[in-house]
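Written out below as structure tokens is the structure these notes cover.
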2 protein chains.
Amino acid sequence: MTWGTPRPERADAARNRELLLASARELLAESGPECLTMDLLAERSGLGKGTVFRRFGSRAGIFQALLDDAERDLQQQVLSGPPPLGPGAPPVDRIVAYGTARVRFLAEHHAVARATLDGRHAAGRRRPLSEIHLRVLLREVDLPGADIEVLAGQLAYALDGPLLLQLFAGPELAGPEPTARFEAGWRDLVERVCGVSGR
Amino acid sequence: MTWGTPRPERADAARNRELLLASARELLAESGPECLTMDLLAERSGLGKGTVFRRFGSRAGIFQALLDDAERDLQQQVLSGPPPLGPGAPPVDRIVAYGTARVRFLAEHHAVARATLDGRHAAGRRRPLSEIHLRVLLREVDLPGADIEVLAGQLAYALDGPLLLQLFAGPELAGPEPTARFEAGWRDLVERVCGVSGR
DNA sequence: GGCCTAACCGGACTTTACCCCGGTTAAGCT
DNA sequence: AGCTTAACCGGGGTAAAGTCCGGTTAGGCC
């Protein structure tokens, strides 16, 4: 008898989870991440504050959950969408396509992404989705002597870091101009790292 | 008449600044970053809480100031130390050497670096020192068609990100084993990006 | 259907970052 | 030295995150 899932989530708990996420999205759309407080979220959802913390652990945890939810779409496209983002294209092309998609994703959700870092009890840093996908794709490229684990981490941060910094600095310069530059920069970086022969 | 420096820092203010940084270092050494509260720091320094906030703006600001101070040493070595970290070596060698130095720096100061991110009013994200140095050095390498600004940002985050994530996860696995792996990974990445011909 | 227990819920409580503003003092000029 | 003013200092006040524990309820088992 194996305990893969120690206990299924109770039905009311799951309902409250969805309710809280929905309220959070509402508040976020109305007045931005700054104004989303735990008390307000609890009141808006008609629940107690203890419940909010039980579900998400911390303020940052809420934003993390929101971001995870949004990321699932991207993940689906990567796993089973059309190439070159999905399976079927050469790995280097897929890596480049992933970067483009990721840049757009971050540009769209930068407010939430930023808020996941907030707070003293920040949601335990997890290895980002990007790193896992990159690791898989990099293995398919012929890279003799490379430490794939480390390289995947490096590229994942090379992708997210500068863009987020940019989005931190200027509130709303998420226009097409700078993001296009990041997309081109990513393509260039990947081709340098993988060599043009990898495709 | 130019106002390069709008006003020199008042003598008492400068004294208090040093006093506060010294107290902060003490508290940090005694009981770790978690226990450093603004009230405690003010009391320990014999100053008011308002003064602490005036100097540093926020809790994260204190850690930022501490980190800046430590970074100045590294900066000195880069600007005027012996090669290959300092001037006089081929640019690619200097970039590799910088990575090694940076990895060790982060491993040593990871607690403070992490705390820099804490708090809702995090110290306004600045472009890290790494990015500026890398930009200068990359310009000296022949990289046709590269967007140096973007590339410098990418490499700066490729250097800091994975290491910090690692240090976040495990409290004290800052041993030589993982850092050596990051150092090797950095060398490999730089050589791939710059081509072996760049040196 | 009734019981048992573990998980859940609420909301009062504590802690802590951050704000504010009246009183004080350093620095420069005459 | 005396004056002016801008900057500094103190510490009480506020808001919001995170904790705790007694009461409640869902879901499995007989």
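The values are calculated or read from the model by the stated rules, or taken from the named source; none is laboratory data. The structure displayed is predicted, hence computed values, not measured ones. Cβ atoms come from the backbone with ideal geometry, glycine included; neighbour counts cover every protein chain shown. For accessibility, only protein heavy atoms count, side chains too; no ligands or nucleic acids. Shrake-Rupley method; radii C 1.70, N 1.55, O 1.52, S 1.80 Å.
General observations
- Residue in segment B:16-29 that is of a type in the set (Asp, Glu), over 17 Å from residue B:129 (Cβ atoms) and either away from chain A (no Cβ under 14 Å) or within 16 Å of DNA strand D (Cβ to nearest atom) (or both) present: yes
- Flag if residue A:73 is surrounded by 13 or more Cβ atoms within 10 Å (Cβ to Cβ), more than 9 Å from DNA strand D (Cβ to nearest atom), free of Cβ contacts under 8 Å to residues at least 12 places away in the same chain and closer than 26 Å to residue A:165 by Cα: no
- Checked against (1) at pLDDT 95 or above; (2) out of contact with any Lys or Arg (no Cβ under 7 Å at 6 or more places or on another chain); (3) not in a loop (DSSP other than H, G, I, E, B), residue B:69 passes all but a single condition, namely (1).
- Taken across segment A:109-120, residues that are of a type in the set (Lys, Arg), touching a Phe, Trp or Tyr at 6+ places or on another chain (Cβ under 8 Å) and within 14 Å of chain B (Cβ to nearest Cβ) do occur, with at least one present.
- Among all positions in segment A:71-92, there is at least one residue which is over 26 Å from residue A:118 (Cα atoms) and either within 16 Å of DNA strand C (Cβ to nearest atom) or within 14 Å of chain B (Cβ to nearest Cβ) (or both).
- Some residue of segment B:52-65 being on the phi < 0 side of the Ramachandran plot, outside any helix (DSSP H, G or I), near DNA strand C (Cβ under 10 Å from one of its atoms) and within 14 Å of chain A (Cβ to nearest Cβ): yes
- Residue check for residue B:135: of a type in the set (Lys, Arg), within 15 Å of DNA strand C (Cβ to nearest atom), closer than 23 Å to residue B:161 by Cβ and within 13 Å of chain A (Cβ to nearest Cβ): no
- Taken over segment B:36-51, the criterion of being within 12 Å of DNA strand C (Cβ to nearest atom) and either within 14 Å of chain A (Cβ to nearest Cβ) or in a helix (DSSP H, G or I) (or both) is satisfied by B:36, B:37, B:38, B:39, B:40, B:41, B:42, B:43, B:49, B:50, B:51.
- The residue pairs whose first member lies in segment B:149-175 and is assigned by TED's automatic domain parsing to the domain that holds residue B:127 and β-branched (Val, Ile, Thr), whose second member is buried (at least 22 other Cβ atoms within 10 Å of the Cβ) and at pLDDT 95 or above, and whose beta carbons are closer than 9 Å, counting only pairs six or more residues apart or on different chains, are B:150/A:185; B:150/A:186; B:150/A:189.
- Output for segment A:13-35, where each listed residue is within 16 Å of DNA strand C (Cβ to nearest atom) and open to solvent by less than 60 Å² (accessible area, probe 1.4 Å): A:13, A:14, A:16, A:20, A:21, A:22, A:23, A:24, A:33
- Selected residue (criterion: nearest to residue A:188 (Cα to Cα)) from residues of segment B:178-192 that are at the interface with chain A (Cβ under 8 Å from one of its Cβ atoms) and among the basic types (Lys, Arg): B:192
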